[in-house]
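The values are calculated or read from the model by the stated rules, or taken from the named source; none is laboratory data. Note that the structure is predicted; figures quoted are calculated from it, not measured. When we count neighbours, we look across all protein chains shown, and the Cβ atoms used for this are built from the backbone with ideal geometry, even at glycine. Note: accessible area is taken over every heavy atom of the protein model, side chains too, but ligands, DNA and RNA are not part of it. Shrake-Rupley method; radii C 1.70, N 1.55, O 1.52, S 1.80 Å.
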Amino acid sequence: MKVGFIGLGSMGAAIAPNLVRAGHEVSVWNRSPEKADPLVAGGAIRAATPADASRGDAVFTMLADDAAVEGVSEAILASLPAGGVHISLSTISVALADKLTEAHAARGQHYVSAPVFGRPPVAAEGKLFIAAAGTPEAIAKAMPLLDVIGQRVQVFGDKPSAANLVKLAGNFLIVNVTEALGEAMALVAKGGVEKADLLDFLTSTLFGAPIYKNYGALIVSEKFEPAGFAAVLAAKDMRLAGEAADSLGVSMPLNDLLRARLGRLVEGGEGHLDLTGLSLLAARDAGLK
Ligand code: NAP
């Protein structure tokens, strides 16, 4: 298939090569053009503009936030052929997904929300978990491509923004786990127990899930740069979860707390750190740093 890929940050740069390797003709575009160089060296085509990346059967967007996606959406809408599909991988708002759904439908184009779970190394292996939603026709067009980049795709119905809601709920849980691990590790470390020993014990008994193992290992390693998933993006996601909760009349007091914690990290100039850098707050408050 002729496929466009817009957004070659940590995630996009890891995902797009899998589409090239699968034999698709992939046109890539990124705001900072040098990030396309390794992709082009690997067989992708350099698109001069987002519009040039959108003239094929499908175009992916994997951009930071709503503003970034809105910044390229006019070009995509104007260039994607009728019957083409825009596959939106970014973690964006429910409201923007609804807006894009309508705008693409008005032009006879398809729109699929397909936000992903998994960090860049997982993305590089084509092993993302993907929450997808869109009309059956749109999903049928997107699925062969989603199968290349993910190990599992679950479809949440024909309204694309349902997948965005699932993604925001999942990230809400991920940030909860990160904050909880940070606090638990500060507690034992202050009492003289090795953080690694706590993690090893818990993850080999009651807490065997990848989220505890992987995020816990990152917290123990204290290596928060370069970020795999930047704290500033997690702060954005908790804001989007809060907005979705407000619009649906759902109370999420824990989300309010997490927004304040991430806000403190970002306002302190550490938003570029990995999300697991959130553990620094509990450690510092305990006098450990
Ligand atoms: P990232 O490394 O910060 O990359 C962000 C991308 O967005 C870059 O290509 C950047 O271009 C582009 N961008 C930002 N603002 C833009 C603008 N105004 N106009 C055009 N392009 C703009 O982020 P990431 O980690 O790849 O994350 C991308 C999305 O995936 C986010 O929605 C994030 O929440 C979600 N996500 C991330 C992870 C993860 O573990 N990292 C996992 C699942 C989902 P430049 O290169 O020019 O800056």
Next item on the list: Within 10 Å, count the other beta carbons around each residue, average over each peptide in 88-98, 40-50, and list them highest first.
Entry: 88-98, 40-50
Note to self: Given a 1.4 angstrom probe, what's the average accessible area per residue across region 11-150, in square angstrom?
What the structure shows: 39 Å²
Notebook entry, point to check: Between residue 207 and residue 187, what is the label-to-label distance in nm when each label sits 7 Å out along the Cα-to-Cβ direction?
Noted result: 0.9 nm
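Given a 1.4 angstrom probe, I'd like the percentage of the accessible area of the chain that is carbon and sulfur, rounded to a whole number. Don't skip to the answer; put the middle values down first.
Numbers: 7500 of 12820 Å².
After summing per-atom areas, the C and S share lands at 59 percent.
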Margin query: Please compute the modelled spin-label separation between residue 95 and residue 289, points set 7 Å along Cα→Cβ, answer in nm with one decimal.
Written below: 3.3 nm
Note to self: With the crude spin-label approximation of a point 7 Å out along Cα→Cβ, what separation in nm comes out for residue 21 versus residue 257?
What the structure shows: 4.1 nm
Next item on the list: Would you tell me the accessible area of residue 130, worked out with a 1.4 angstrom probe on the heavy atoms of the protein chains, in Å² to the nearest 10?
Entry: 10 Å²
Next item on the list: Would you mind putting 150-157, 282-289, 79-86, 231-238 in packing order, based on average other-beta-carbon counts within 10 Å, highest first?
Entry: 231-238, 79-86, 150-157, 282-289
Notebook entry, point to check: What is the local net charge at residue 216, summed over the other residues whose Cβ is closer than 10 Å to its Cβ (Lys, Arg +1; Asp, Glu -1)?
Noted result: +1
Next item on the list: Please say if region 2-159 is rounded, prolate or oblate, where rounded means a/c under 1.5 for a ≥ b ≥ c the square roots of the C-alpha gyration tensor eigenvalues, and otherwise the choice is prolate for a/b larger than b/c and oblate otherwise?
Entry: rounded
Note to self: Can you tell me which of 146, 100, 198 moves the most in a GNM of the chain? Springs connect C-alpha atoms under 10 Å apart.
What the structure shows: 198
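Could you give the DSSP H helices of the chain that reach 27 angstrom or more along their long axis (alpha carbon positions) and whose average Kyte-Doolittle hydropathy is no lower than 0.0? Numbers along the way, then the final one.
On the way: long enough: 161-190 (44 Å, 1.00).
Helix filter hits for the chain: 161-190.
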Next item on the list: Would you mind pulling out the separation of the Cα centroids of region 174-243 and region 87-123, in Å?
Entry: 28 Å
Note to self: Per DSSP helix of 4 or more residues, -39500 (n - 2.57); summed, then divided by the residues of the chain. What does that give at 222 nm, rounded to the nearest 500?
What the structure shows: -16500 deg cm²/dmol
Notebook entry, point to check: At a Förster distance of 35 Å, what's the computed FRET efficiency of residue 55 paired with residue 174, Cβ-Cβ distance as r, to 0.05?
Noted result: 0.45
Notebook entry, point to check: Which value, in Å², gives the accessible area per residue of region 228-289 when a 1.4 Å probe is used on the protein heavy atoms?
Noted result: 45 Å²
